[in-house]
Amino acid sequence: MFNLSTQEVVLSIEKSPLRIVHGTIYQEYQDFFGKEFSFPTLENRKFSKLEFQENKPRRRLDYNDDLIKRIKILFMNTNITRALENKFNTPLKFDSADVWIDDKGYKLPPHRDDDRTKLALQIYLSDNNEGTSLYDNDGTMRYTFPFKFNSGYALYNGMYSTHGVEEIEKDGRTSLYVRYS
């Protein structure tokens, strides 16, 4: 059964060290939703194209789907927001959440997120694909987060938070992306 636990998420945030590497501030997570977490099938659910990415092989779960509504409620929880605020030492406000499916050929060049986003959290919901990479400001790749189910990262959006996705080689790169302002 699909169950989202505020307590498991808060524990993941609290126990994962804050890393600062070449000015990039982030956390890396394993078993983010707990060891017993499973994610429901996305078959027969409605998906939409992302704004400004209509021509890319990326889809997002429709905002009217009950699953995304439950995910948004979870990440609006003050205990989760407070745990992230304490870890990153900055005030945060939940902004949005998406479940994305990236298919073969999707890529996103090195970039920094929009200034409206202060912190982004991405949790992988499938296995065996390409993870998000961190880059130096000159475009040199420094690190790629392992793409493993129920793992991921939180990335503070700042001067050194350049990240991207190398070209996806297999369909079905599924992830949860949460934004805080």
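The values are calculated or read from the model by the stated rules, or taken from the named source; none is laboratory data. Nothing here was measured: the structure is a model prediction, and the numbers come from that model. With ideal geometry, Cβ positions are generated from the backbone for all residues, glycine too; neighbour counts draw on all protein chains shown. In case anyone asks, the SASA skips ligands and DNA or RNA and just uses the protein heavy atoms, side chains included. Shrake-Rupley method; radii C 1.70, N 1.55, O 1.52, S 1.80 Å.
Which ones in segment 1-26 are polar (S, T, N, Q) and either in a loop (DSSP other than H, G, I, E, B) or under 23 Å from residue 70 (Cβ atoms) (or both)?
3, 5, 6, 7, 12, 16 - these are the residues of segment 1-26 that are polar (S, T, N, Q) and either in a loop (DSSP other than H, G, I, E, B) or under 23 Å from residue 70 (Cβ atoms) (or both).
What number of residues in segment 7-25 are open to solvent by 60 Å² or more (accessible area, probe 1.4 Å) and of a type in the set (S, T, N, Q)?
Matching residues across segment 7-25 total 1.
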Given the criteria crowded, with 16+ Cβ neighbours inside 10 Å and in a loop (DSSP other than H, G, I, E, B), does residue 52 qualify? no
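Listed here are the residues, each with its yes/no results for (1) crowded, with 20+ Cβ neighbours inside 10 Å; (2) in contact with a strand residue (DSSP E or B) (Cβ under 9 Å, 6 or more places away or on another chain); (3) within 24 Å of residue 14 (Cα to Cα); (4) modelled with pLDDT of 95 or more.
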position: 97; (1), (2), (3), (4): yes, yes, yes, yes
position: 103; (1), (2), (3), (4): no, yes, no, no
position: 109; (1), (2), (3), (4): no, yes, no, no
position: 117; (1), (2), (3), (4): no, yes, yes, yes
position: 121; (1), (2), (3), (4): yes, yes, yes, yes
position: 132; (1), (2), (3), (4): yes, yes, yes, yes
position: 139; (1), (2), (3), (4): no, yes, no, no
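Return the residue satisfying two criteria in turn: it lies in segment 141-157 and is open to solvent by less than 40 Å² (accessible area, probe 1.4 Å) and hydroxyl-bearing (Ser, Thr, Tyr), and of such residues it is farthest from the chain's Cα centre (by Cα).
Among those residues, the one meeting the criterion is 151.
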Anything in segment 87-105 that is of a type in the set (Asp, Glu) and over 16 Å from the mean Cα position of the chain (by Cα)? List them, or say none. 103
Of the residues that sit in segment 68-82 and are in contact (Cβ under 8 Å) with a residue 60 or more places away in the chain and open to solvent by less than 50 Å² (accessible area, probe 1.4 Å), which one is farthest from the chain's Cα centre (by Cα)? 77
If I filter segment 36-51 for residues that are closer than 18 Å to residue 177 by Cβ and in contact with a Gly (Cβ under 8 Å, 6 or more places away or on another chain), do I get at least one hit? no
Specify which of the listed residues (28, 36, 85) is surrounded by 15 or more Cβ atoms within 10 Å (Cβ to Cβ) and more than 24 Å from residue 165 (Cβ to Cβ). 85
Could you tell me how many of the residues in segment 57-67 are within 18 Å of the chain's Cα centre (by Cα) and surrounded by fewer than 17 Cβ atoms within 10 Å (Cβ to Cβ)? 4
Among the residues of segment 67-80, is there at least one that is at pLDDT below 95, in a loop (DSSP other than H, G, I, E, B) and in contact with a Leu (Cβ under 9 Å, 6 or more places away or on another chain)? no
